[in-house]
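Everything below concerns the one structure shown next.
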Amino acid sequence: METFEKLVSSLSDVLYSKLLIIILIAGGIYFTFRTGFAQFRLLREQLRAVMEKPQDGKGVSSFQALMVSTASRVGTGNIIGVSTALCLGGFGSVFWMWLIAIIGSASAFVESTLAQIYKKRGPNGSYGGPAYYIESALHCRPLAVVFSVFLILTYGFGFNMLASYNLQSTFSAYSFYDAKTSPWIIGLILAVIVGYCLLGGGSRIIKTTSLLVPIMGIAYVLIALVIVVLNITSLPNVFAAIFREAFDFEAIFGGFSGSCVMYGIKRGLFSNEAGVGSAPNASASAEISHPAKQGLVQVLSVFIDTILICSATAFMCMCSGVEPSAELSGAPYIQAALSKTLGGFGPMFITVAMLLFGFTTLLGNLYYVDQCLSHLMGKVPGKTFMLVYRLIASLIIFVGAGLSADLLWNIADILMGGMTIINIPVILFLSKYAVRALKDYEKQRKDGEEPKFLAKNIALPHKTDYWN
């Protein structure tokens with residue numbers, strides 16, 4: 001097992017020290033310029049688009065699609081992932097998380113707009129994602145199948161095992177926690193609850209996440225603000241440390257695999273998933289009048305995830321005065337930081353937050369898996385198949401609770417990297433259609449019209465189920 005863990009760790013380091021850094025940053029910068037800095041320029045339109053109701057009054061709204069994608073993005077990575085980055089990469093990792101989110105939000109716009117353009121018509125509304133735009137636009141089913149397999153492995157196995165582990169680890173601060181038995185007991189309880197929700201199908205997932213995500217996000221940011229205000233005098237030093245360490249190139253290149261750049265990009269990508277190809281699966285389900293609207297909504301989702309939630313965690317920890325260390329990495333660091341400022345309430349709050357964050361992450365992840373199973377099978381799977389799959393998904397959650405943290409983080413990073421390596425080149429190739437859709441949207445808004453999309457308006461050469 002130790003040899004396997006070392007192999008997985010080495011592969012993760014290779015991916016993130018070279019290939020993925022180039023792909024993510026180059027792709028994000030390219031999309032930022034191609035869209036005319038849409039992530040900054042069109043903030044008002046992002047807020048406007050998220051409030052749009054389905055055209056026929058039925059189906060999934062932009063807000064519901066945002067909540068599903070945010071449920072997957074905003075999860076244990078925003079708490080444990082940020083804590084891990086601070087402990088192992090230092091305060092400078094926060095800057096690199098911000099950077100990857102800012103430029104990555106342009107990638108999120110392109111991939112989600114493409115998902116809307118190429119979405120499919122199903123018995124229960126629209127569906128789609130990277131596997132569908134790969135197949136429809138590139139006519140390459142083998143590549144689409146490989147992407148679907150990566151997504152199922154990433155979200156059904158890697159991310160959900162990690163989320164389960166992270167969630168149960170927050171209970172380690174309590175006296176009743178036993179390192180040998182408690183992870184398995186907590187994992188079993190979590191698996192049963194998630195299994196119950198899964199048996200209700202996609203509609204129950206959407207309703208549950210739409211209710212929980214806004215509540216938990218607002219409460220979390222408010223508590224973070226309280227902690228920052230209580231420690232306001234330390235804020236200048238915190239900002240100074242972030243920028244000083246972020247540009248300490250001697251330390252960065254002296255040990256790149258453990259640097260703030262590496263951890264900032266790893267945990268930033270894990271948290272906001274911009275360019276990974278996950279959020280488009282939720283974006284395709286929205287019933288809207290123009291694909292660019294859902295692209296703008298997903299830009300907002302990236303900002304909510306990293307600029308708000310990840311920053312909230314980072315500043316809660318950094319302003320507390322508790323020094324990060326490898327020994328405190330993960331849940332113990334944030335538990336210690338909140339205990340110092342809020343006393344006994346701190347660990348209780350973070351436990352409740354982790355329960356809500358972790359639970360919605362698990363549900364949002366499995367919603368994506370549902371979409372890719374439909375793609376692999378060429379149809380919506382039957383009830384018996386889905387029952388077996390959901391039982392297996394629940395079992396995976398149970399198993400993940402008792403495994404090693406380092407192994408789970410590295411597995412999740414590698415699988416996520418595989419998705420990104422496929423998705424970014426594809427959306428680079430197809431980005432002209434997303435850019436044309438954005439220009440069409442802005443032209444109609446400038447003319448005072450409510451934007452409505454037709455495929456012919458952007459000279460789309462591919463057949464689609466919608467927009468004709």
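What the table shows:
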{"read-out": "Criterion violated by Y368 - all others in (1) under 24 Å from the mean Cα position of the chain (by Cα); (2) under 30 Å from A173 (Cα atoms) satisfied", "value": "(2)"}
{"read-out": "Within region 1-39, considering residues that are of a type in the set (S, T, Y), touching a residue at least 40 places away in the same chain (Cβ under 8 Å) and part of a helix (DSSP H, G or I), the one most open to solvent (accessible area, probe 1.4 Å)", "value": "Y30"}
{"read-out": "Test: residue in region 334-341 that is modelled with pLDDT under 80 and within 30 Å of L395 (Cα to Cα)", "value": "no"}
{"read-out": "Number of positions in region 411-468 that are in contact with a Ser or Thr (Cβ under 6 Å, 6 or more places away or on another chain) and open to solvent by 20 Å² or more (accessible area, probe 1.4 Å)", "value": "4"}
{"read-out": "Subset of region 172-191 that is among the polar types (S, T, N, Q) and surrounded by 11 or more Cβ atoms within 10 Å (Cβ to Cβ) - its residue that is farthest from I396 (Cα to Cα)", "value": "S172"}
{"read-out": "First in region 164-182 and closer than 16 Å to V192 by Cα, second anywhere and open to solvent by 40 Å² or more (accessible area, probe 1.4 Å), Cβ under 7 Å, 6 or more apart", "value": "Y165/L403; L167/L355"}
{"read-out": "Any hit, region 428-435, residues being in a helix (DSSP H, G or I), in contact (Cβ under 8 Å) with a residue 40 or more places away in the chain and closer than 16 Å to E273 by Cβ", "value": "no"}
{"read-out": "Candidates I205, I223 - the one that is closer than 30 Å to K120 by Cα, of a type in the set (A, V, I, L, M) and either open to solvent by less than 50 Å² (accessible area, probe 1.4 Å) or at pLDDT below 75 (or both)", "value": "I205"}
{"read-out": "Members of region 372-427 found to be among the small types (G, A, S), touching a Phe, Trp or Tyr at 6+ places or on another chain (Cβ under 8 Å) and more than 17 Å from F150 (Cβ to Cβ), listed by number", "value": "G400, A401, G402, A405"}
{"read-out": "Filter result (aromatic (F, W, Y) and under 13 Å from L438 (Cβ atoms)) within region 1-32", "value": "F31"}
{"read-out": "Residue satisfying all of: in region 289-329; of a type in the set (V, I, T) and open to solvent by less than 10 Å² (accessible area, probe 1.4 Å); farthest from R121 (Cα to Cα) among these", "value": "T313"}
{"read-out": "Among (1) closer than 19 Å to S105 by Cα; (2) touching a Ser or Thr at 6+ places or on another chain (Cβ under 7 Å); (3) of a type outside the set (D, E, K, R), the one test that L269 misses", "value": "(2)"}
{"read-out": "Among the residues listed as L99, L88, the single one being farther than 30 Å from G382 by Cβ, among the aliphatic types (A, V, I, L, M) and buried (at least 20 other Cβ atoms within 10 Å of the Cβ)", "value": "L88"}
{"read-out": "Verdict on V388 being at pLDDT 85 or above, surrounded by fewer than 21 Cβ atoms within 10 Å (Cβ to Cβ), more than 25 Å from the chain's Cα centre (by Cα) and among the β-branched types (V, I, T)", "value": "yes"}
{"read-out": "Options G402, G364; residue that is among the small types (G, A, S), within 30 Å of G27 (Cα to Cα) and either modelled with pLDDT under 90 or part of a helix (DSSP H, G or I) (or both)", "value": "G364"}
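Yes/no matrix, rows are residues, columns are (1) among the hydroxyl-bearing types (S, T, Y); (2) more than 14 Å from S107 (Cα to Cα); (3) at pLDDT below 75:
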| site | (1), (2), (3) |
| --- | --- |
| A251 | no, yes, yes |
| G254 | no, yes, yes |
| M262 | no, yes, no |
| E273 | no, no, no |
| G277 | no, no, no |
| A284 | no, yes, no |
| I288 | no, yes, no |
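Residues checked against (1) under 30 Å from D13 (Cα atoms); (2) modelled with pLDDT under 90; (3) among the aliphatic types (A, V, I, L, M):
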residue: M416; (1), (2), (3): yes, yes, yes
residue: I427; (1), (2), (3): yes, no, yes
residue: A434; (1), (2), (3): no, no, yes
residue: A437; (1), (2), (3): no, no, yes
residue: K443; (1), (2), (3): no, no, no
residue: L454; (1), (2), (3): no, no, yes
residue: I458; (1), (2), (3): no, no, yes
residue: P461; (1), (2), (3): no, no, no
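The values are calculated or read from the model by the stated rules, or taken from the named source; none is laboratory data. A quick note: this is a predicted structure, and the numbers were derived from the prediction, not measured. Neighbour counts are summed over all protein chains in view; Cβ atoms, including those assigned to glycine, are modelled from backbone coordinates with ideal geometry. Note: accessible area is taken over every heavy atom of the protein model, side chains too, but ligands, DNA and RNA are not part of it. Shrake-Rupley method; radii C 1.70, N 1.55, O 1.52, S 1.80 Å.
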